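Here the structure is laid out as structure tokens; the discussion comes afterwards.
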Amino acid sequence: MPVPKISIPKDILSSLPMVECSTNVEVIETAAKARQALAKLMRAKEVGLDTETRPNFRKGDSHTVALIQISTMKDSYLFRINKFGFIDELRDFLQSEQVKKIGLSLRDDFNGLRRIGEVEPVNVVELQDYVGQYGIVDASLQKIYGLLFGRRISKGQRLTNWEAQQLTEAQQHYAAIDAWACLKIYRYLERGSFNPEASPYILPPEEEQPQQ
């Protein structure tokens, strides 16, 4: 029997309570601290991954990736590469077969990183593709997280200045959640905790199209 197609309506998503990230958040602003954090992360089996770039508000503006977020279920590391660069150890981590990297819209993240250095990440899971086997047609992190956990991820900090001298607590919280949530979604689905047949968001056949 085919898996039903599932999507959470926008009005329901907007009514959900906000998610709280329970990880420890560490902002990394030097290459030395980055190497220490990456040594710890290399012992992880899998991590959540995301990047942030300063938004372009004027024609002709162009910015490169400012932040790489890598999270376990316990710790979230925010690597401010606009301050110390895309060091070899970060490239080696992304290219390591040892640790699985889970994210959403990873093609965009990796294309952004290739603008500042040669990198070909391996052992990665693209959630937009992965969730399809569970009938989920939503493509945004907000919607996928909402239909699985009944909580809403705020996107209020998305268009803030990720090259600021200091990241605000709100920016840190937002950045950590995006990486942590990817890992939480993957683990939840992998251990068989989601039953598509029991979802309250099953679509009628005429509405079975991907939702942003």
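See the values below:
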read-out: The chain - share of DSSP beta bridges that are antiparallel (%, nearest 5); value: 45 percent
read-out: Filtered trypsin sites (Lys or Arg not before Pro), the stretch 1-55: DSSP coil and at most 10 other beta carbons within 10 Å; value: 43, 45
read-out: P(r) tail fraction, the chain - alpha-carbon pairs more than 23 Å apart, %; value: 46 percent
read-out: Where GluC sites (Glu not before Pro) fall in DSSP loop in the stretch 2-69, at most 11 other Cβ within 10 Å; value: 20
read-out: Mean separation of Cα contacts under 8 Å, 6 or more apart, over the residue count of the chain: relative contact order %; value: 33 percent
read-out: Estimated vicinal HN-Hα couplings, Hz - the stretch 7-18 in sequence order (Karplus 6.51, -1.76, 1.60; Gly, Pro = x); value: 7, 8, x, 4, 5, 6, 4, 5, 8, 6, x, 6
read-out: Separation of the residue 29 and residue 159 label points, Cα + 7 Å toward Cβ, nm; value: 2.7 nm
read-out: Amide H contacts of residue 136 (H built 1.01 Å from N, under 5 Å, at least 5 apart or other chain); value: 6
read-out: Whole-percent carbon and sulfur share, accessible surface of the chain, 1.4 Å; value: 46 percent
read-out: Straight-distance crosslink candidates among aspartates and glutamates, where the alpha carbon sits under 17 Å from residue 100 and sequence neighbours closer than 8 are dropped; value: 46, 50, 75, 89, 92, 109, 120, 126, 129, 178, 190
read-out: Chymotrypsin sites (Phe, Trp or Tyr not before Pro) within the stretch 1-104, DSSP loop, no more than 16 other Cβ atoms inside 10 Å; value: 57
read-out: Pair residue 96, residue 84: separation of 7 Å Cα→Cβ label points (nm); value: 1.5 nm
read-out: As computed over the stretch 126-212, the Cα convex hull volume per residue (Å³); value: 108 Å³
read-out: Built amide H within the under 5 Å cut-off of residue 100, gap 5+; value: 46, 47
read-out: Total lysine pairs under 25 Å (Cα atoms) in the stretch 13-77, excluding pairs fewer than 8 apart on one chain; value: 4
read-out: Cα-projected label distance for residue 119 with residue 74, points at 7 Å along beta-carbon direction, nm; value: 2.5 nm
read-out: DSSP H segments from the chain that extend 30 Å or more along their own axis, Cα-based, with Kyte-Doolittle mean of -0.5 or above; value: 169-190
read-out: Computed lengthening from residue 10 to residue 198, 0.36 nm per intervening residue step minus Cα-Cα distance; value: 65.7 nm
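The values are calculated or read from the model by the stated rules, or taken from the named source; none is laboratory data. Nothing here was measured: the structure is a model prediction, and the numbers come from that model. Because the Cβ atoms are built from the backbone with ideal geometry, glycine has one as well, and the counts that use them run over all protein chains shown. These area figures cover heavy atoms from the full protein model, side chains too; ligands, DNA and RNA do not enter into them. Shrake-Rupley method; radii C 1.70, N 1.55, O 1.52, S 1.80 Å.
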